[in-house]
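Comments concern the structure below.
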Amino acid sequence: MSSISIRKNLRKRNSRRVQTLMESEIAPGVSIVKPAYNESVTIVNNVRSLMTLFYSRYEVVIVNDGSKDDTLEKLIKEFDLVQVDFLVDYLVPCKEIKAIYKSRDISHKRLTIVDKINGGSKADAVNAGINVASFPYIL
């Protein structure tokens, strides 16, 4: 009986520690990079889902990899995006980045959209996202 109680208390304590870390401003920053190619039907819901992450220091970088549908247009409309000046340091090779977009809406300040020429693979799109990412840890 006491071993069950001890396990419950340990689980609760560990859960509180994880929650404290996730809410802390000293937690390491994380960039979530997601490639998108012709995802017009699902892209808005996917981005909304990624933006609900319970963590204090993160950004979401969506890489539109030369979509032929209206993926980029849907993102621009839904998240009130505007093209911004952004110096890209090509640390890892990828096809040319055409534009970077950020939202005018403060509630989407963690969102960055990269529009690039299709590189023929998801890896190329992820590389572009890495080149734009602000934080040292990439998911």
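Rounded to the nearest 0.05, what FRET efficiency is calculated for ILE26 and LYS109 with R0 set to 25 Å and r the Cβ-Cβ distance?
0.80
All other residues with a Cβ under 10 Å from the Cβ of ASN118 taken together, and with Lys, Arg as +1 and Asp, Glu as -1, what is their net charge? Each step should come with its number before you reach the end.
Numbers: positive: LYS68, LYS95, LYS116; negative: ASP65, ASP124.
So the surrounding residues net to +1.
Which ³J(HN,Hα) values in Hz, rounded to whole numbers, follow from the phi angles of segment 73-85 under the Karplus curve 6.51 cos²θ - 1.76 cosθ + 1.60, where θ = phi - 60° and Gly and Pro get x?
4, 5, 5, 4, 5, 5, 10, 6, 8, 10, 6, 10, 6
P(r) tail for segment 24-138, what percent of Cα pairs lie past 19 Å? Don't jump to the answer; show the numbers that get you there.
Details: 2647 of 6555 pairs.
Beyond 19 Å sits 40 percent of the P(r) for segment 24-138.
Report, for segment 24-138, the % of DSSP beta bridges that are antiparallel, rounded to 5. Walk me through the numbers before you get to the answer.
Numbers: 9 of 24 bridges.
Approximately 40 percent, going by the DSSP bridge assignments.
Using every Cα-Cα pair within segment 83-139, state what percent have a distance larger than 14 Å. Present the calculation step by step, with values, prior to reporting the outcome.
Working: 866 of 1596 pairs.
Counting pairs separated by more than 14 Å, the tail of P(r) holds 54 percent.
Are there GluC sites (Glu not before Pro) in segment 66-139 that DSSP puts in a loop and that have at most 11 other Cβ atoms within 10 Å, and which ones? Let's see the in-between values first.
Details: sites: GLU73, GLU78, GLU96; in loops: GLU96.
Those that pass, being in a loop and sparsely packed, are GLU96.
With respect to the cross-link table entries LYS68/LYS109; LYS68/LYS98; LYS74/LYS116; LYS74/LYS95, which display a Cα-Cα separation exceeding 19 Å? It would help to have the intermediate numbers written out before the result.
Values: LYS68/LYS109 27 Å; LYS68/LYS98 15 Å; LYS74/LYS116 16 Å; LYS74/LYS95 23 Å.
Among LYS68/LYS109; LYS68/LYS98; LYS74/LYS116; LYS74/LYS95, the Cα-Cα distance tops 19 Å for LYS68/LYS109; LYS74/LYS95.
What is the set of long-range amide H partners of PHE135 at a cut-off below 5 Å, with H atoms built 1.01 Å from backbone N?
Under 5 Å from the amide H of PHE135: SER31.
Stretched out fully, how many nm does the piece from TYR137 to MET51 gain, at 0.36 nm a residue minus the Cα gap? Write out the running numbers ahead of the final one.
Numbers: separation 86, 0.36 × 86 = 30.96 nm, distance 1.68 nm.
Working it through step by step, the gained length comes to 29.3 nm.
Can you run phi through the Karplus equation (6.51, -1.76, 1.60; θ = phi - 60°) for segment 89-104 and list ³J(HN,Hα) in whole Hz, with x for Gly and Pro?
Rounded to whole hertz, the list is 9, 6, 6, 10, x, 7, 5, 4, 8, 7, 7, 10, 10, 10, 8, 7.
Readers should treat all values here as calculations from the given coordinates under stated rules, not as data from a laboratory. For clarity, every value in this text was computed on a predicted model and none was experimentally measured. Every residue, glycine as well, gets a Cβ built from its backbone with ideal geometry; the counts of neighbours run over all protein chains shown.
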